[in-house]
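Notes follow once the structure below has been shown.
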Amino acid sequence: MRKKCLSLCLSAAMLLPCIAFSACNPGGDPNISETGEVTLRFWNGFTGMDGDSMDAIVADFNEEYAGEIKVETDKMDWDTLFTKLTTTKSNLSTAPHVVAMSNQRLAGIVDQDLLMAIDDLPEYLGVTQSDYISSAWNAGVIGGTRYSFPLDIHPTAMFYNKDLISEEELPSTWEEFVEICVEKTNTETGVYGFAVPSMYSITKDIFASILLQNGGALFDAENNAVYNSDQGDAALEFLSDLVYTYKVSPENVGAGGDYTLFMAGRSVFYFDGPWLLNTFDLIKNGDTSHIGVAPMPGATGENGISFSGSHQLTLMKNTVTSERVKEACYTFIQYIQTHSLEWAYAGQVPAYLPTLESEEYQQIEALQPFTQTALNAQLGQSDYKYFYEGYNYMGVAVSNAISGKYSAAEALDRAVRSFSNWIIDNEY
């Protein structure tokens, strides 16, 4: 029997009023069938094991809302996704309705006038900022308008080889980290403390975290790139010194080289995001694994800070053309949010605090170091339309210094100048 309304709820104890939907197809919308079923297209870049979990959530949603709403998922790498957004935006038969995207990309997409304002979504779902990790919640607001809703927050944490280091030896500060890396490095056996990759984004996130911990910033209040500050120089010199001064890392570790050495048992530490937990089989079998996970040094405690990212859920302006479709999108977003425990098992830290505080979530031991870090995370100036580009120029500087091409200070100065010139070229 078809339902005459969709009941939205955030828990079994809280029911929201029903929303009446018309069975007709208003305006001949190609995404609404003659029976009134709404077809939504959901684009995301979850192409790993987290993508399998999101597919399962979508499949459960489709079963529950059969005949009312059907969600079709399209997964692709993130760069392809953002390229396709601009080329398919006007095609109502192929463009997406709901898109997951990084907070770092959000303002740039808003600037292209592609996203729908969703200021009414929190009230519709019956939630407030106090229900979410505040940095992820605030990331969705650009110029006083909400354009996205938080799904998760994904900080960097420290994986370690239990065969090479005990839990009691784990560092909580970067000073301790250096000491332990020096102690554990043995070039005769080919074991290093930490293989520092020059060509992987996680390295620039480590740099950004140390920069913030040093009291620096990525951008100032006027959105000028300022990561070439004294604090930035010190943070990048520290990473470079791991390779060239302390020699706890091989030189010229390319993309994936750090992972290869870690998996071969030839490095003590490895840094990455929570999506690696299932790759390492730590969520289900962490107790029996030789791999452990701990917070990044300096990321927890009273003054702990880490740089992080957040996946946000957005609606596309050109395809969400009626209240019927909009309400179907809201229903889908609500379903994802209230099934965030499943997203946790995918190896993600949900932004929804009641999930993090639940007994079942807290029993996922491998996620707890990431959760501690997420609560202290900073996301940078997500409301700056060129944040993603500035962040990438910073990444070039980190790569150039760690690969020995330039000193830390010169690499950062070059990056800031290049970014400033890019803005001039892009604006004029």
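Coordinate-derived values only; no laboratory data. Nothing here was measured: the structure is a model prediction, and the numbers come from that model. No Cβ is skipped: glycine too gets one built from the backbone with ideal geometry, and neighbour counts run over all protein chains shown.
Model label points for S93 and Y244, set 7 angstrom from Cα along the Cα-to-Cβ axis, are 5.8 nm apart. Subtracting the Cα-Cα distance of W422 and K284 from their residue separation scaled by 0.36 nm leaves 45.1 nm. In the calculated pair-distance distribution of region 360-428, the portion above 17 angstrom amounts to 60 percent of the Cα-Cα pairs. The Kirkwood radius of region 274-361, taken over pairs of alpha-carbon atoms, gives through the Stokes-Einstein law at 37 °C and 0.692 mPa s a diffusion coefficient of 206 µm² s⁻¹.
Seen from N285, the other residues with C-beta closer than 15 Å to its C-beta sum to a net charge of -1, counting Lys and Arg as +1 and Asp and Glu as -1. Convex hull over the Cα atoms of region 102-209, averaged projected area in nm²? About 10.4 nm², averaged over all directions.
Here are some pairs, K284/K326; K204/K405; K84/K385; which of them have Cα atoms lying more than 28 Å apart in this structure? Check vs 28 Å cut-off fails for K284/K326. One decimal place: the segment E222-S322 gains 32.3 nm when fully extended, by the rule 0.36 nm per residue minus the C-alpha distance.
Fewest-first ordering of Y244, Y270, Y259, Y227 by other beta carbons within 10 Å of each residue's beta carbon gives Y244, Y259, Y270, Y227. The GluC sites (Glu not before Pro) of region 345-428 meeting both criteria, a DSSP state outside H, G, I, E and B (loop) and at most 14 other C-beta atoms within 10 angstrom of the site's C-beta, are E357.
Length gained on full extension, A66 to S358, computed as 0.36 nm times the residue gap minus the Cα-Cα distance: 102.2 nm.
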